[in-house]
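The values are calculated or read from the model by the stated rules, or taken from the named source; none is laboratory data. Worth saying up front: this structure is predicted, and the values here are computed from it rather than measured. No Cβ is skipped: glycine too gets one built from the backbone with ideal geometry, and neighbour counts run over all protein chains shown.
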């Protein structure tokens, strides 16, 4: 399985990763290598096998719908790159 | 004998006796290890952040608890945390430029539990970025050096914790293991490491890489020390939706059980081509030692072993691509300069702040989960995961534990594999399968090959950590591989 530079650019955009033009070739080589490795799965016969999503095959645990978090707004916003009046600032979304 | 000698090369139980009997205080013990970090860490690079002030404050509290009789056996013993566990008020970087400025606003459950019994935190240890790597070369803060040979890697991703314990910069440390990230560095640095059963240790506050595989555990100088810390870290946590609600046994009480009649399975797939012959000899010698202890050896087969790495490199990157989507430059972490719009901000923030290996895995996962490929990759990998898990369950109908090598080779040179991701991935051949199955695994020092340490892997069935620690401890009663320390770090400063 090999990925073309065009496909790599598409995947990088889906993953929202800016990749420098000069690095695209290297990523396409690396990702193609990883997919070759992954393609070894083709040797397995998995017909009628139930997929395993979780080691214990556990069910999602439910809890009571109660407020357990304390209000730490200031502390939590302290890590944000840009804030104003208790809101996260981002570049303009709508004109 | 100087007081320093009472604080190094001692078991946690001995350190505890020293503290309780007043031979030394927790403040003295903590300062002793902070001094060792100051003397040695510039060459090892095991720590990203040293938290001296906080450590000494906790040590003072510990001394008060000891004086008032409200201490536990671990109170006052300092430790190091992998920099993947959130620590309230202290930078928690996960080895990434993305979180270089992130001050965690709360403690991970593991951190909280150990803080509540006043174990001073010496600092946060270096790691491969977001726990993606097997050499610790993928850290934004630079590679960690192996204390046995500074030109070699300590393994990864928890390489900082492994190097810190191996060089006696900390009596004990935490780590995490998604595909071998505790066992492989423990093996490469000659210390004892345990990755417990998935669900045994809370993942709350542990920065997520691949959530169905990630599990916290311990780096220590012995199985007996591991038993003490693992017990203190373990237990049900309502804050982790995959935490398992079963009692935590007192792991220390079964350490001395006899191994007479123990059935050890040796999977033939773990001794085939690819295993270094010197490493194989060490493992065979360890198995001989177990025979002397009364164990019976059974040859077994894990026929789908060869599918573990391919399936892992779908499941882990898929989960990572989802988990790491939270790093968007909005609420925390790195944001690029002068973004022109939202898309530009996402793309350049993530493009600038994630390293190459992280980008590779995010893109692999994004591809595997993208429209039209889900069945061929993710669903197929989950089916293979079931086959691998069933292989282990069949073997555990016949045997009590499985043994084999941890890694096919000893520690490799820094830079040797850094341009070859696939060869790096293949070095996790013996460790990855049990993460897929959710099982516990250990690495126990078993000797040397080409002057570098070799770890014996012990794999148990789910929630049999007590048995595994017993099996490791009995071996450590008749061997002294776990007591070997690189000569440079073997003695205290006063003796030099």
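Brief remarks on what is shown
- Some residue of the range A:70-92 being without any contact (Cβ under 8 Å) to a residue 12 or more places away in the chain, part of a helix (DSSP H, G or I), under 24 Å from the mean Cα position of the chain (by Cα) and exposed (fewer than 15 other Cβ atoms within 10 Å of the Cβ): yes
- Residue count for the range B:127-145 satisfying the condition of being touching a helix residue (DSSP H, G or I) at 6+ places or on another chain (Cβ under 6 Å) and not in a loop (DSSP other than H, G, I, E, B): 2.
- Identity of the residue in the range B:297-322, without any contact (Cβ under 8 Å) to a residue 60 or more places away in the chain and more than 19 Å from residue B:95 (Cβ to Cβ), that ends up farthest from the other protein chains (Cβ to nearest Cβ): B:297
- Residue B:474 under 30 Å from residue B:254 (Cα atoms) and more than 16 Å from the chain's Cα centre (by Cα): yes
- Taking the conditions (1) in a helix (DSSP H, G or I); (2) facing another protein chain (nearest Cβ under 8 Å) in turn, residue B:291 satisfies each one other than (2).
- Each residue in the range B:235-267 was checked for being outside any loop (DSSP other than H, G, I, E, B) and either closer than 23 Å to residue B:392 by Cα or in contact (Cβ under 8 Å) with a residue 12 or more places away in the chain (or both), and 8 of them qualify.
- Of the residues screened, residue B:440 is one that is within 12 Å of chain A (Cβ to nearest Cβ), within 26 Å of residue B:468 (Cα to Cα) and within 18 Å of the chain's Cα centre (by Cα).
- Residue check for residue B:164: surrounded by 24 or more Cβ atoms within 10 Å (Cβ to Cβ), at pLDDT 95 or above and part of a helix (DSSP H, G or I): yes
- Residue B:112 meets the conditions (1) surrounded by fewer than 24 Cβ atoms within 10 Å (Cβ to Cβ); (2) under 17 Å from the mean Cα position of the chain (by Cα) in every case but one. The failed one is (2).
- Hits in the range B:353-371 (condition: more than 16 Å from residue B:94 (Cα to Cα) and more than 7 Å from every other protein chain (Cβ to nearest Cβ)): B:365, B:368, B:369, B:371
- For residue B:389: the one exception among (1) over 21 Å from residue B:269 (Cβ atoms); (2) at pLDDT 95 or above; (3) within 14 Å of another protein chain (Cβ to nearest Cβ): (1)
- Selected residue (criterion: nearest to the other protein chains (Cβ to nearest Cβ)) from residues of the range B:323-351 that are touching a helix residue (DSSP H, G or I) at 6+ places or on another chain (Cβ under 7 Å) and under 27 Å from residue B:106 (Cα atoms): B:335
- Which numbered condition residue B:194 misses (of (1) closer than 22 Å to residue B:113 by Cα; (2) outside any strand (DSSP E or B); (3) in contact (Cβ under 8 Å) with a residue 12 or more places away in the chain): (2)
- Selection from the range B:413-435 of residues that are away from every other protein chain (no Cβ under 14 Å) and surrounded by 21 or more Cβ atoms within 10 Å (Cβ to Cβ): B:430, B:431
- Residue B:396 more than 7 Å from every other protein chain (Cβ to nearest Cβ), crowded, with 23+ Cβ neighbours inside 10 Å and either at pLDDT 95 or above or under 19 Å from residue B:432 (Cβ atoms) (or both): no
- If you go through the range B:221-234 and keep only what is touching a residue at least 60 places away in the same chain (Cβ under 8 Å) and more than 22 Å from residue B:88 (Cα to Cα), you end up with B:221, B:222, B:223, B:224, B:225, B:226, B:227, B:228.
- The set of residues in the range A:16-43 being assigned to a loop (DSSP other than H, G, I, E, B) and facing another protein chain (nearest Cβ under 7 Å) consists of A:16, A:17, A:18, A:19.
- Filtering A:8, A:46 for residues that are facing another protein chain (nearest Cβ under 7 Å) and either assigned to a loop (DSSP other than H, G, I, E, B) or closer than 18 Å to residue B:320 by Cβ (or both) leaves a single hit, A:46.
- The number of residues in the range B:409-427 being part of a loop (DSSP other than H, G, I, E, B) and out of contact with any helix residue (DSSP H, G or I) (no Cβ under 7 Å at 6 or more places or on another chain) comes to 8.
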